[in-house]
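Chemist: I have a structure I would like to understand better, so I am pasting it below and will then ask my questions one at a time.
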Amino acid sequence: MTTFSFSLQTGETGPLEKGSEPDRLRIPIPCHTPILSEGDQVLVGTKIAIANHDGSGDMHAPMAGIIQDILPYSMLIKVNGKDRAKTKKAPSADGAPLKEWLRDMGAQVKNIDKAPILIINAVPPEPGISIYDPLLRDYRKTLELGLETVQRIVKPSKMFLVAAKGNRANAFANCTVMHVAPTYPNGIDEMVIKAVTGQEVLPDAPPDDTVILSVSDLYFIGRIMETGRPLTETIMTIGNRNYLIRVGTPVGFLAEQAGATVQPGDRIVMGGPMRGLTAINLEQGVGKDTTGLQILRKDESLKTTDNFCLGCGECERHCPARIMPGMISRCAEFKQFKRAEDFHIHSCIECGICGYWCKAQRPLLQYIRLAKYELALLRKDETPSDMIVQAETGQAGEKE
Amino acid sequence: MNKPLEPILTVSVPPHVHCGRTIKGYMIETIAALMPAALMATYMFGMGALRVMALSCAVAVTTEAICNKIMGRKQSIDDFSGLLTGLLFSFLLPASAPWWLVTVGAASSIILGKMIFGGLGASPLCAPVVGWAVCRISWGTVMDTNATMLSSNLPAPLQQLKYFGLDSIQSIQSSTLLIGEQLGGLGEVQVIALLLGGAFLLIRRHVRWEIPTGFIAGILITTWIYQLIDPTTYAPPMFHLLAGGTIFGAFFLATDSASSPIGLIPCLLFGLIAGTMVIIIRVYGIYPDGVPFAILLTNLFTPLLDRIRPKPFGGPFSYSSKDEEGATCEKC
């Protein structure tokens, strides 16, 4: 994969297209409690699961159908109709009631609190993901409505729109536009906060005075306000095109629609190649935070090894968090998790760049995540199963 | 979702892409960077040099294979790191080295320099230099490049400087030293060929500029200071740069990945310390060429130098220190 580039420039993208309708949905519910049971009929927009964590959005049915199966992490809906649930009206009150209503409608509102600075992150999260571009171009009304709504909760005194140099960025009212260099990992929230405020924040400790939202967050909130219907979709870059995809659409269906064949041993990456999750099988459904779909062939993706760390320092030279991934991986390898703290493991923003450059092809990010997870276990006396759930959603070690 | 569905997919953690560099590729390119010097050595010293290099490589690889067997580890000779260690070690030997010396040296490079610490990447010392030190201390006379190469009419600059003073090296031209017409380790004196190889490694980014720069700066600054003290006793900077194994040390020994520090300031300091040490050993030590010993000594500084770190992102932070925050504050 020497052709891979860290450039975040999106170039010209086409319009946002609507994804095809699958005949079944497998909705991921990793941190949710289902409120319906098997055999129940749901309409478009019926609430099917309640979030377990504060600030996470509840899950609603993207299409009408019958719940066929409820598994620990997913729910299978057989699609059978088009009937819609009734729309809901947003509360006129600002602040907490509005936030709770948005959460109830499925939006992720964890970070939306009263703060003096509001940052809108329009930098692509990863190379090859261009979801923000069509939104900024074609859906300004929705974005503006989303921004207004967020402002009613955050009440910021300053607003910033951060974009990668060379990409589209038209400011909103009262919003300062800032540009960052169009290279990965500049689109990661922590890096964007640093670019705007100069303040470096630990990945697991969101700052008190800053709220950061992505363009798609604004779009989804805007859509909820516009339609009065819950959030049941995500925007994904598939190939060079951007689609509005229903949550729970199986990845195999998406691959088929895109005309791709999946061979044994391939990886289906949900998200970008640096931070994306791999699907366990073709039936896995996409989640609300999935930003892309890529198929990496067996021989073109990173094959990790258990080689020893050479100590060459490539990981450390490229690390945006200025830590020593190589040493942390050595600590994790020999279960010396406490020692990993001496190498500042908590500063890791999990960009995956260390693993990209590792000559020994060690799974550096996996070692780091393992150490973070073990440290969280050591610290908190939580039940392991609860932690696994958190780890799967990338929230292990999160401060509460 | 419990039962596997066809086709079975690969599931793994990110990143899913890679720069394409491998340990093997790194080793092969480093060996390729040494090839000009190896050819020059064969040209200068004849088949003797080729014999020493071939034997050293063969012994190094065999020793590593046997060590892996005994230690019950996965066989690792196919990454060519053993071959590279063998080649680097042979570069430090005189072309006249007897077979048993080469064998013992190459074997101890691998055993004492590498395998005993846990193999590739774990060694705190530069492996070829460990083998060299074992031989130099145990069999000083056969390791002496000057004494064992009496038939050659090439100059031995560092020995002449040590034993006969500054006057004896006045006749030696820099250009002679540059093209490798001097006695010393068979490969380490091929200055121009090594510079070529070093440039290749720099361009390919297998070696970063910090350590060689620091090393050469250390040599030049220290010799310059000595020259300021007394220009009639101490040799000029250019001489020290081109004589003996300075360039070899700067590009190939000091940059050994496991035993050298990482980071801009640690690397520059590492190079400076090593370079300074080379001259101090050459001036005061009992050994004419101080490069291997200087690097060995500086390797010991690596863990200390690695402590010079930039502030981590948003940190430093750790659970344990946070819990004791009050306590630590009181203490300081």
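Chemist: Conditions first: (1) more than 14 Å from chain B (Cβ to nearest Cβ); (2) farther than 26 Å from residue A:187 by Cα; (3) not aliphatic (A, V, I, L, M); (4) not in a loop (DSSP other than H, G, I, E, B). Residue A:26 passes all but one, so which condition is the exception?
Modeler: Residue A:26 satisfies all of (1) more than 14 Å from chain B (Cβ to nearest Cβ); (2) farther than 26 Å from residue A:187 by Cα; (3) not aliphatic (A, V, I, L, M); (4) not in a loop (DSSP other than H, G, I, E, B) except (1).
Chemist: For residues in the range B:298-318 being in contact (Cβ under 8 Å) with a residue 24 or more places away in the chain and in a helix (DSSP H, G or I), which is nearest to the other protein chains (Cβ to nearest Cβ)?
Modeler: B:302
Chemist: Assess whether residue A:310 counts as being surrounded by fewer than 24 Cβ atoms within 10 Å (Cβ to Cβ) and within 7 Å of chain B (Cβ to nearest Cβ).
Modeler: Spelling it out, residue A:310 is indeed surrounded by fewer than 24 Cβ atoms within 10 Å (Cβ to Cβ) and within 7 Å of chain B (Cβ to nearest Cβ).
Chemist: Which pairs turn up if I take residues in the range A:261-277 that are within 7 Å of chain B (Cβ to nearest Cβ) and surrounded by fewer than 22 Cβ atoms within 10 Å (Cβ to Cβ) and look for partners that are among the β-branched types (Val, Ile, Thr) and not in a loop (DSSP other than H, G, I, E, B) with beta carbon separation below 8 Å, at least 6 apart in sequence or on another chain?
Modeler: What qualifies is A:262/A:268; A:262/A:295.
Chemist: Here's something else I'd like to know. Does residue A:62 satisfy the condition of being crowded, with 19+ Cβ neighbours inside 10 Å and part of a loop (DSSP other than H, G, I, E, B)? So that I can check it myself, show each step before the final result.
Modeler: Values: crowded, with 19+ Cβ neighbours inside 10 Å: yes; part of a loop (DSSP other than H, G, I, E, B): yes.
In short, yes.
Chemist: Listed residues A:315, A:331; which is within 22 Å of residue A:192 (Cα to Cα) and not in a loop (DSSP other than H, G, I, E, B)? Working first, answer last.
Modeler: Working: A:331 fails: within 22 Å of residue A:192 (Cα to Cα).
The conditions single out A:315.
To keep it simple, each residue is scored yes or no on (1) among the small types (Gly, Ala, Ser); (2) within 20 Å of residue A:19 (Cβ to Cβ); (3) modelled with pLDDT under 90; (4) under 25 Å from the mean Cα position of the chain (by Cα).
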| position | (1), (2), (3), (4) |
| --- | --- |
| A:253 | no, yes, no, yes |
| A:261 | no, yes, yes, no |
| A:306 | no, no, yes, no |
| A:310 | no, no, yes, no |
| A:344 | no, no, yes, yes |
| A:353 | no, no, no, yes |
| A:356 | no, no, no, yes |
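Chemist: State which residue is modelled with the lowest pLDDT when the search covers only the range B:138-151 and only residues that are buried (at least 18 other Cβ atoms within 10 Å of the Cβ) and outside any helix (DSSP H, G or I).
Modeler: B:149
Chemist: Anything in the range A:108-122 that is touching a Pro at 6+ places or on another chain (Cβ under 8 Å) and either crowded, with 21+ Cβ neighbours inside 10 Å or in a loop (DSSP other than H, G, I, E, B) (or both)? List them, or say none.
Modeler: A:111, A:115, A:116, A:118
Chemist: Select from the range A:182-216 the residues that are in a helix (DSSP H, G or I) and closer than 22 Å to residue B:14 by Cβ and list them in ascending order.
Modeler: Listed by number, the residues that qualify are A:189, A:190, A:191, A:192, A:193, A:194, A:216.
Chemist: In addition: Kindly indicate which of B:70, B:66, B:31 is under 23 Å from residue A:357 (Cα atoms) and away from chain A (no Cβ under 14 Å).
Modeler: B:31 is the lone residue from the list that is under 23 Å from residue A:357 (Cα atoms) and away from chain A (no Cβ under 14 Å).
Chemist: Go through the range A:198-218 and give me each residue that's touching a residue at least 24 places away in the same chain (Cβ under 8 Å), among the acidic types (Asp, Glu) and at the interface with another protein chain (Cβ under 10 Å from one of its Cβ atoms).
Modeler: Hit for the range A:198-218 is A:204, nothing else.
Chemist: Tell me the residue from B:13, B:61, B:17 that is aliphatic (A, V, I, L, M) and assigned to a helix (DSSP H, G or I), please.
Modeler: B:61
The values are calculated or read from the model by the stated rules, or taken from the named source; none is laboratory data. Everything quoted here is computed from the prediction, not taken from an experiment. Methodologically, a virtual Cβ is constructed for each residue, glycine included, from the backbone with ideal geometry; neighbour enumeration extends over all protein chains shown.
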